[in-house]
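Student: Below is a structure I'd like to ask you about.
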Amino acid sequence: MSHIEEEFGLDKLPKTIFKFGSIAALLSAVSIAFAIVAFFIWPYKGKSSSIEDILSVLQKDRIGSLIALDVSMLIIGPLTMLMFVALYIVLRRVNEPIALVALIMNMMAIVLVIVCRPLVELVMLSNQYALATDSVEKSRILAAGELLRLQLDGTAWATQTAFLMIAGLINNTLMLRTNYFKKRTAWTGIIISAIGLPFFLPEIGLIFLFLNTLGSIPWCIFVAADLFKISRAVLIQNT
C-alpha cells in the first residue's frame, strides 16, 4: 500500500473519488457562474412577486420563471455531494470528528435545498390554476401556492445557508493544517464563508450572500485543482 493510500485510507475506498470530487467542484463553479448571469436576466421572484404572478408567469415562460425561482440550487446542491465527500476523506486525517460534523452539515444543507425549492409543486399548481374556472377553486390553489412561496425563503432556506457557511469555515480551517490543499484554497474558503454568515441581516444580508456566491466560483476551481492533484498523486503511487 502506498504512503498516500495509508494516509487517506484509500484501500477501503474507490480510487476515483478524488477525480469525481474534482469534476464535481469544477461543474459547481460553472453552474454558479451561470446562476449569477441568469440572475441579472431573470431576477429572483420569490420575495417580490405575488403567488398569482408566479403561477401566471410559469405558464407564459416556464424556463425563465424556474431560473428566476433559483432552479440552479437544485443542480448545484447535488453536484457538490461528491466534492464534500472527497474533502471529508482528506480532512478526516486532520480531525475526524470535526470533519464529520462539516460533512453532515453539508449533506443536510443539500437536503434542505430540495425542501426549500418546491418548484415541481409550483409548476403543478400553475397548471391547475390555468385550468381553474371558478373563483373558489382559484382561491384554494392560490392559498396552497402561498404556503409553497413562503418555503422559498423560510426556515429550510435559512438553515441550509447557515449550515453551508459554518461547514465552509470548518473545512477550510482544517485545510490549513494539511499540505494537500493550497493556502489560497483554504483562505479563500474562510473569507467567503465568513462574508456569507451575516446573510440574515435585513437589507444588507443579501449583499453579503451575493459576495459569498461570487467568491464560491474561484474557491470551487481551487478545490477542483487540489483534488485533481491528489488523484494524480494516488495514480502515480499506484503505477
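Student: For the pair residue 194 and residue 210, how long in nm is the line joining their label points, each one 7 Å along Cα→Cβ?
Tutor: Here the answer is 2.3 nm between the modelled labels.
Student: How far, in nm, would the chain grow between residue 100 and residue 62 when pulled straight, counting 0.36 nm per residue and subtracting the alpha carbon separation?
Tutor: Answer, rounded to one decimal: 9.8 nm.
Student: Next question. Using 0.36 nm per residue of separation minus the Cα-Cα distance, give me the extension gain between residue 37 and residue 184 in nm, one decimal.
Tutor: 50.4 nm
Student: Karplus couplings for the range 55-61 from phi (6.51 cos²θ - 1.76 cosθ + 1.60, θ = phi - 60°), rounded to Hz, Gly and Pro as x?
Tutor: 5, 5, 5, 4, 7, 7, 9
Student: Something else now. May I ask you to list the trypsin sites (Lys or Arg not before Pro) in the range 135-179 that are in a DSSP loop and have at most 15 other Cβ atoms within 10 Å of their Cβ?
Tutor: Passing both the DSSP loop test and the Cβ count: 177.
Student: Counting only Cα atoms, I'd like the Rg/Rh figure for the chain, Kirkwood definition for Rh.
Tutor: Taking Rh as the inverse mean 1/r over Cα pairs, Rg/Rh reads 1.06.
Student: Further, regarding this structure: Beyond a 28 Å Cα-Cα separation, which of these cross-linked pairs lie in this structure: 19/182; 47/182; 45/183?
Tutor: Violating the 28 Å Cα-Cα cut-off are 47/182; 45/183.
Student: Rounding to the nearest 20 debye, state how big the charge dipole of the chain is about its Cα centre with +1 on each Lys and Arg Cβ and -1 on each Asp and Glu Cβ.
Tutor: In debye, rounded to 20, the chain gives about 680.
Student: Ordered by residue, what ³J(HN,Hα) values in Hz, to whole numbers, does the range 193-205 give under the Karplus form 6.51 cos²θ - 1.76 cosθ + 1.60, where θ = phi - 60° and Gly and Pro are x?
Tutor: Couplings: 5, 5, 5, x, 4, x, 4, 7, 5, x, 6, 8, x Hz.
Student: Before anything else, pin down the relative contact order of the range 171-239: Cα pairs under 8 Å, at least 6 apart, normalised by residue count, whole percent.
Tutor: Rounded, it is 28 percent for the range 171-239.
Student: Continuing with the same structure: Quick one: if you stick a label point 7 Å off each Cα along the C-beta vector at residue 146 and residue 53, how many nm between them?
Tutor: My value for the distance between the label points is 1.6 nm.
Student: In nm, what is the difference between 0.36 nm times the number of residues separating residue 203 and residue 176 and their Cα-Cα distance?
Tutor: Full extension of this stretch gives 6.4 nm more.
Student: For residue 71 and residue 136, what is the calculated FRET efficiency with R₀ set at 35 Å and r taken between the beta-carbons, to the nearest 0.05?
Tutor: So the FRET efficiency works out to roughly 0.70.
Student: Could you grab the relative contact order for the chain? Cα pairs under 8 Å, six or more apart, rounded to a whole percent.
Tutor: The value is 28 percent.
Throughout, read-outs are computed from the coordinates displayed, never taken from laboratory work. Just so you know, these numbers come straight off a predicted model, no measurement behind them. Note that each Cβ is placed from the backbone with ideal geometry, even for glycine, and that neighbours are counted across all protein chains shown.
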